[in-house]
Amino acid sequence: QVHLVESGGGLVQPGGSLRLSCAASGGIFSSFVMGWYRQTPGKQRELVAAVGRSGSPNYANSVKGRFTIFVDDARNTVYLQMNSLKPEDTTVYYCNAYDYVDDYWGQGTQVTVSS
């Protein structure tokens, strides 16, 4: 069973930065497609960024040029560096691991962008 633990959310002013972390355990981390999603109450969960083990990362159009996803295999951790944050980025962010069979989710971390 894969277990994901997120951290790094919080309150930040518009234009500020945050880095989310997601530590994985219980699986072969190097084989996962890792991603970050976000979900606002009443709306569908949407992909923010994802990275596989080959190819380039994918980003939602709304975060391109501002967010960067990267992986540290030595720490079994995926990060989401969020710069130039906007109030509309406020929501709960979820870490996802996909091993081509199942999806695994973290518990979510709240990001609030407000002055």
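The values are calculated or read from the model by the stated rules, or taken from the named source; none is laboratory data. Keep in mind the model is a prediction, meaning the values are calculated, not measured. With ideal geometry, Cβ positions are generated from the backbone for all residues, glycine too; neighbour counts draw on all protein chains shown. These area figures cover heavy atoms from the full protein model, side chains too; ligands, DNA and RNA do not enter into them. Shrake-Rupley method; radii C 1.70, N 1.55, O 1.52, S 1.80 Å.
What whole number of Å gives the distance from the Cα centroid of segment 75-115 to the Cα centroid of segment 1-40?
5
Can you send over the carbon and sulfur percentage of the accessible area for the chain, probe radius 1.4 Å, protein chains only? Mind dumping the intermediate values first?
Numbers: 2900 of 6130 Å².
Accessible surface attributable to carbon and sulfur in the chain totals 47 percent.
Whose amide H sits under 5 Å from the amide H of Leu85, counting only residues 5 or more places off or on another chain, with H placed in the peptide plane?
For Leu85, whose amide H was placed from the backbone, the distant partners under 5 Å are Gly15, Gly16.
Rounded to the nearest angstrom and ordered from largest down, what semi-axes does the equivalent ellipsoid of segment 12-115 get from its C-alpha gyration tensor (root of 5λ)?
Details: eigenvalues 107, 41, 31 Å².
Listed largest to smallest, the semi-axes of segment 12-115 are 23, 14, 12 Å.
Within 10 Å of each candidate Cβ there may be at most 10 other Cβ atoms; applying that plus a DSSP loop requirement, which chymotrypsin sites (Phe, Trp or Tyr not before Pro) in segment 55-115 survive? It would help to have the intermediate numbers written out before the result.
Numbers: sites: Tyr59, Phe67, Phe70, Tyr79, Tyr93, Tyr94, Tyr98, Tyr100, Tyr104, Trp105; in loops: Tyr100.
Passing sites in segment 55-115 are Tyr100.
Give the share of C-alpha pairs in each 5 angstrom bin for segment 1-59, from 0 to the last occupied bin, in whole percents, shortest bins first.
P(r) for segment 1-59, in whole percents per bin: 4, 13, 18, 24, 23, 10, 5, 1.
Determine the per residue accessible area of the chain with all protein chains present and a 1.4 angstrom probe, expressed in square angstrom. Intermediate values should be presented prior to the final figure.
Numbers: 6130 Å² over 115 residues.
I get 53 Å² per residue for the chain.
Might you report the magnitude of the Cβ-based charge dipole of segment 3-115 about its Cα centre, with Lys and Arg at +1 and Asp and Glu at -1, to the nearest 20 debye? Can you show the working numbers first?
Details: 9 positive and 9 negative charges, 66 e Å.
Here the size comes out at about 320 debye.
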